Amino acid sequence: MALSQPAGASSWAAAAPARTGPGPGAGPGGAPAPAAGPGPCWAAVLACLSLACSYVGSLYVWGSPLPRDHPSVIKRRFTSVLVVSGLSPAFVWLWKELTGVKLDTPLPALLGLRLEGLVPATLLPLLLTMILFLGPLIQLSMDCPWRWLDGIRVAFDPRFWALCLGDVRWLRNQVVAPLTEELVFRACMLPMLVPCTGPGPAVLACPLFFGVAHFHHVIEQLRFRQGSISSIFMSAAFQFSYTAVFGAYTAFLFLRTGHLAGPVLCHSFCNSMGFPAVGAALEHPRRRALLPCYLLGVLLFLLLLHPLTEPAFFGGTPACAPRPGGPPACS
């Protein structure tokens, strides 16, 4: 998956946080230096680590002996993780206050919570992700006993959605996890990391917190003996790699669109699809027709990655980028 540096990267790097007034990090005439000092950057890293630890730690405050998929465990974790996620913007505000960063952009807009450009920011990233999953979607349609018309009828049936909303595992995978993880690991971390590292390194660094946070599954798998030790750690290494790549992709989407909605919907879609069943595709009876769809989806995704995430579609420049004819949003 090619995740090249977003357009306008130099403007993100130039829009680094700075302290008010002259100081060691000030430029000529007392103006802020064009790069963040070590203080704000260390504070950003510590804030991101604290966010990741708080999010994962909230899953274990209950100390239940039951496995993670038990409904009572899921419901309790909903409570704690929603509390942590609701408080996560305070980490960004505290980072700003402790480092003296001046933000011309309101905090909600900085976190991707704005109405301008919301419709394209919702549809285009999801379309791009569906293009990437063209092969798995075609494979699903080949193996599904339903007709397309039957699927459309089910999708518009209120009883179907009532069953989904009544399933706590569905709520966790499709709603709560995508919303809270994208808020914490993208919307709150990236505004602190980008001014220090620039957008390219931030896209690569931010998913490390996300990937490491998923290692807590190893504890539960070992606790309930869900496989051999070697298979558990191999599975954890694969999951870390997959979630890191996925995290880089949604971080890219967040920086390009300046919205939280797209990453959340793409996260939910990927959770519903799972990792592409490439092995099953290689052994599929209609693999000669199916495998080219896998390749076509990847090629189209790479070709459309930048055009479909052009920042002009989503209501102007991202937060921290210079405004036309004006100062940067973070100065």
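The values are calculated or read from the model by the stated rules, or taken from the named source; none is laboratory data. Everything numeric here is computed off the predicted structure, so don't read it as measured data. Here Cβ is always computed from backbone atoms with ideal geometry, including for glycine, and neighbour counts include all displayed protein chains. Surface areas here come from the heavy atoms of the whole protein model, side chains and all, with no ligands, DNA or RNA. Shrake-Rupley method; radii C 1.70, N 1.55, O 1.52, S 1.80 Å.
Restricted to the stretch 249-262, and to residues that are touching a Phe, Trp or Tyr at 6+ places or on another chain (Cβ under 8 Å) and farther than 14 Å from Arg114 by Cβ, which residue is surrounded by the most Cβ atoms within 10 Å (Cβ to Cβ)?
Quick first cut of the stretch 249-262, residues touching a Phe, Trp or Tyr at 6+ places or on another chain (Cβ under 8 Å) only: 255-260, 262.
This time we only want the ones that are farther than 14 Å from Arg114 by Cβ, so: 255-256.
Working: Leu255: 30, Arg256: 26.
If we take residues in the stretch 249-262 being touching a Phe, Trp or Tyr at 6+ places or on another chain (Cβ under 8 Å) and farther than 14 Å from Arg114 by Cβ, then Leu255 is surrounded by the most Cβ atoms within 10 Å (Cβ to Cβ).
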Tell me yes or no: at least one residue of the stretch 9-23 is at pLDDT 50 or above, within 30 Å of Ala177 (Cβ to Cβ), of a type in the set (A, V, I, L, M) and in contact with a helix residue (DSSP H, G or I) (Cβ under 9 Å, 6 or more places away or on another chain).
no
Can you find even one residue in the stretch 63-75 that is among the basic types (Lys, Arg) and within 22 Å of Gln174 (Cα to Cα)?
yes
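Every residue, every condition in (1) modelled with pLDDT of 95 or more; (2) open to solvent by 60 Å² or more (accessible area, probe 1.4 Å); (3) more than 20 Å from the chain's Cα centre (by Cα); (4) of a type in the set (S, T, N, Q), yes or no:
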| residue | (1), (2), (3), (4) |
| --- | --- |
| Leu115 | no, yes, no, no |
| Phe133 | yes, no, no, no |
| Gly151 | no, no, yes, no |
| Pro158 | no, yes, yes, no |
| Gly166 | no, yes, yes, no |
If I filter the stretch 136-149 down to residues being open to solvent by less than 70 Å² (accessible area, probe 1.4 Å) and under 27 Å from the mean Cα position of the chain (by Cα), which single residue comes out as farthest from His70 (Cα to Cα)?
Ile138
Out of the stretch 283-294, which residues are open to solvent by 40 Å² or more (accessible area, probe 1.4 Å) and either part of a loop (DSSP other than H, G, I, E, B) or under 20 Å from Tyr242 (Cα atoms) (or both)?
Glu283, Pro285, Arg286
Residue list for the stretch 72-104, filter: of a type in the set (S, T, N, Q), surrounded by fewer than 17 Cβ atoms within 10 Å (Cβ to Cβ) and over 20 Å from Glu181 (Cα atoms):
Ser72
For the stretch 245-282, the count of residues that are under 17 Å from Leu137 (Cα atoms), touching a residue at least 40 places away in the same chain (Cβ under 8 Å) and part of a loop (DSSP other than H, G, I, E, B) equals 2
Here is a check on your reading of the model: is Ala162 of a type in the set (Gly, Ala, Ser) and open to solvent by 40 Å² or more (accessible area, probe 1.4 Å)?
yes
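When you scan the stretch 38-144 for helices (runs of 4 or more DSSP H) that lie fully inside it, which ones turn up with 3 or more residues that are over 25 Å from Leu265 (Cα atoms)?
Passing ranges, in order: 38-58, 71-99.
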